[in-house]
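For reference, the structure is listed below as structure tokens.
The values are calculated or read from the model by the stated rules, or taken from the named source; none is laboratory data. On a predicted model such as this, the values are computed, not experimentally measured, just so you know. Every residue, glycine as well, gets a Cβ built from its backbone with ideal geometry; the counts of neighbours run over all protein chains shown. Note: accessible area is taken over every heavy atom of the protein model, side chains too, but ligands, DNA and RNA are not part of it. Shrake-Rupley method; radii C 1.70, N 1.55, O 1.52, S 1.80 Å.
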Amino acid sequence: MAATVPWLDLLVSLLGAVKMSTLSLMAPALIDSAAHWNEDTGGVFVYRCVKNSIVFVIGFLACVVGTYISTVEIVNNFRNDY
């Protein structure tokens, strides 16, 4: 693998930014909201929606910022190498 991808650390960084923020923050927030959609009433529903929305937004921002930073590093590495 290292022979085919010269900068494996940058590829792992890009994949980690996309997958880990999605799997560790965004997906559980959506699953928690969907699992208790019909069960919660009143204040519990509002609390769960606000909590899951905040966690989802943090995960989305982590995905966007991490992907941007990893992409910039990959582009800079290609510019400096050639």
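Say whether the condition of being modelled with pLDDT of 90 or more and within 21 Å of residue 14 (Cβ to Cβ) is met by at least one residue in segment 31-48. The answer is no; no qualifying residue exists.
Of all residues in segment 1-28, which are of a type in the set (S, T, N, Q) and surrounded by 14 or more Cβ atoms within 10 Å (Cβ to Cβ)? Reasoning before the result, please.
Our first condition is that a residue be of a type in the set (S, T, N, Q); within segment 1-28, this holds for 4, 13, 21-22, 24.
Once the filter is applied, which keeps residues that are of a type in the set (S, T, N, Q) and surrounded by 14 or more Cβ atoms within 10 Å (Cβ to Cβ), segment 1-28 yields 13, 21, 22.
Scan segment 30-67 residue by residue and report those that are part of a helix (DSSP H, G or I) and of a type in the set (Phe, Trp, Tyr).
Here is the first cut: in segment 30-67, the residues part of a helix (DSSP H, G or I) are 30-35, 42-67.
Scanning segment 30-67 gives 45, 47, 56, 60.
Contact list please: Cβ distance under 9 Å, first residue in segment 1-25 and part of a loop (DSSP other than H, G, I, E, B), second residue open to solvent by 60 Å² or more (accessible area, probe 1.4 Å) and at pLDDT 85 or above, pairs at least six apart or on different chains. Once the first residue is part of a loop (DSSP other than H, G, I, E, B) and sits in segment 1-25, its partners that are open to solvent by 60 Å² or more (accessible area, probe 1.4 Å) and at pLDDT 85 or above give 7/73.
Could you check, for segment 29-50, whether at least one of its residues is within 23 Å of the chain's Cα centre (by Cα), open to solvent by 70 Å² or more (accessible area, probe 1.4 Å) and in contact (Cβ under 8 Å) with a residue 24 or more places away in the chain? Yes.
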